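Have a look at the structure below before the remarks.
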Amino acid sequence: MAINMYYIIMNPSSSSGRGMHIWKQLEPVFQERKIPYRLMLSTHNGHIAELAAEVTSDERSVNLIILGGDGTVNEALQGIRDFSKANIGFIPTGSGNDLARDMRLGKEPLKILNAILNKDMSRRMDLGKLSINSHADTSVKKGGGDTPDERFFVVSSGIGFDAAVCEEALSSRLKDVLNKFKLGKLTYLGIALKQLLTAKNVSCDLYLDDKAPIHLDRFLFSAFMIHRYEGGGFKFCPDADAGDGLLDVCLVGHLPKFVIFLALPTAFFGKHYLFPQIFHYRASQIEIKTSVPLWVHTDGEVYYKSDHICLSCEKEKVRFLA
């Protein structure tokens with residue numbers, strides 16, 4: 001029975017409570033097919049990681065279904081004890097849904113669930129790891145001092161403008177309103193335009209594998225991508241491959257603000273590299289230093305400000321079903 005057991009971890013507040021509505025559609029499938037399951041609801045910050053740790057704490061393989069947004073998946077990743085023993089199914093209920101978009105899961109939860117239960121497809125994907133440099137005494141943590149200085153990510157990580165957008169979106173009342181009309185991704189666009197107007201002048205040094213550093217006197221942000229999309233559909237790295245063992249880097253240098261306003265919408269189509277000072281790189285080991293501490297995100301979840309971070313990519317570390 002343990003082999004066929006499915007553990008469902010759900011964030012009931014994802015997308016303004018849409019997760020529970022979807023679960024009510026899915027639960028009869030388990031009951032009708034007599035598939036054993038256990039529903040586990042998160043109740044507080046960090047609980048999803050605790051639940052994932054609980055069900056992956058021994059040596060057996062585990063079937064884990066995550067019902068939520070990209071942030072819910074990110075939190076679950078932090079708790080998984082052994083990725084080689086975790087078979088992960090993902091049913092998106094969030095507003096951004098960048099992981100589901102790149103996985104081409106579609107928008108019908110019942111179809112996604114059936115594909116997971118039937119094990120129609122298994123995909124191995126790269127796993128990224130962010131390390132906050134311990135010597136950056138200017139780093140600050142959001143929400144207290146119990147957040148680890150390392151975090152996994154499966155969609156993207158970023159520092160600067162894109163992380164600042166995520167940080168504001170996480171507490172945005174507008175996001176809750178737009179979610180009710182299934183327009184949640186417009187939250188990111190609106191906040192992005194606002195953040196552009198208030199962006200400060202920052203310099204950076206970017207180190208890619210063993211190559212000489214890339215210096216920019218002024219830069220807006222850098223996104224480190226496993227998948228092609230982040231921020232609710234921005235196609236920052238249109239050629240990213242989730243199984244090549246490399247992080248695709250979108251580095252945005254100094255552009256006049258009116259040019260950025262023109263460039264930002266083109267990023268929905270992956271055409272932003274036509275503009276000067278927007279650069280693309282690939283590497284498996286990355287280090288970036290900035291002149292002032294900036295917000296940092298992993299899969300849209302924001303916990304840190306830092307002026308020195310390191311990132312790495314582990315090839316095909318995670319197994320997804322469907």
Inset, instruction - For K129, work out the one condition from (1) surrounded by fewer than 20 Cβ atoms within 10 Å (Cβ to Cβ); (2) in a helix (DSSP H, G or I) it doesn't fulfil. - result: (2)
Inset, instruction - Taking the residues in region 189-207 that are part of a loop (DSSP other than H, G, I, E, B) and touching a residue at least 60 places away in the same chain (Cβ under 8 Å) as candidates, determine which candidate is farthest from A169 (Cα to Cα). - result: S203
Inset, instruction - Having 3 or more residues that are closer than 14 Å to M10 by Cα and open to solvent by 10 Å² or more (accessible area, probe 1.4 Å) is the bar; report the strands (runs of 3 or more DSSP E) wholly within region 35-99 that clear it. - result: 37-41
Inset, instruction - Might you check whether a residue that is assigned to a loop (DSSP other than H, G, I, E, B), open to solvent by 40 Å² or more (accessible area, probe 1.4 Å), at pLDDT 95 or above and over 26 Å from A100 (Cα atoms) occurs anywhere in region 280-294? - result: no
Inset, instruction - Scan region 11-51 for residues that are over 13 Å from I66 (Cα atoms), more than 24 Å from the chain's Cα centre (by Cα) and not β-branched (V, I, T) and jot them down. - result: K24, Q25, E27, P28, F30, Q31, E32, R33, K34, P36
Legend entry - Residues located in region 120-142, provided they are at pLDDT 90 or above and within 20 Å of P293 (Cα to Cα): K129, L130, S131, I132
Inset, instruction - Might you let me know whether region 143-153 holds any residue that is surrounded by 14 or more Cβ atoms within 10 Å (Cβ to Cβ), in contact with a strand residue (DSSP E or B) (Cβ under 9 Å, 6 or more places away or on another chain), modelled with pLDDT of 80 or more and of a type in the set (F, W, Y)? - result: yes
Legend entry - Meets criteria (farther than 30 Å from M121 by Cβ and either without any contact (Cβ under 8 Å) to a residue 24 or more places away in the chain or not acidic (D, E) (or both)) for V318: no
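Conditions (1) modelled with pLDDT of 90 or more; (2) of a type in the set (D, E, K, R), marked per residue:
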{"position": "A49", "(1), (2)": "yes, no"}
{"position": "D58", "(1), (2)": "no, yes"}
{"position": "A115", "(1), (2)": "yes, no"}
{"position": "N118", "(1), (2)": "no, no"}
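The values are calculated or read from the model by the stated rules, or taken from the named source; none is laboratory data. Quantities reported herein were computed from a predicted structural model and do not represent experimental measurements. Cβ sites come from the backbone with ideal geometry, for glycine too, and all protein chains shown count toward neighbours. Please note that ligands, DNA and RNA were not included when accessible areas were found on the heavy atoms of the full protein model with its side chains. Shrake-Rupley method; radii C 1.70, N 1.55, O 1.52, S 1.80 Å.
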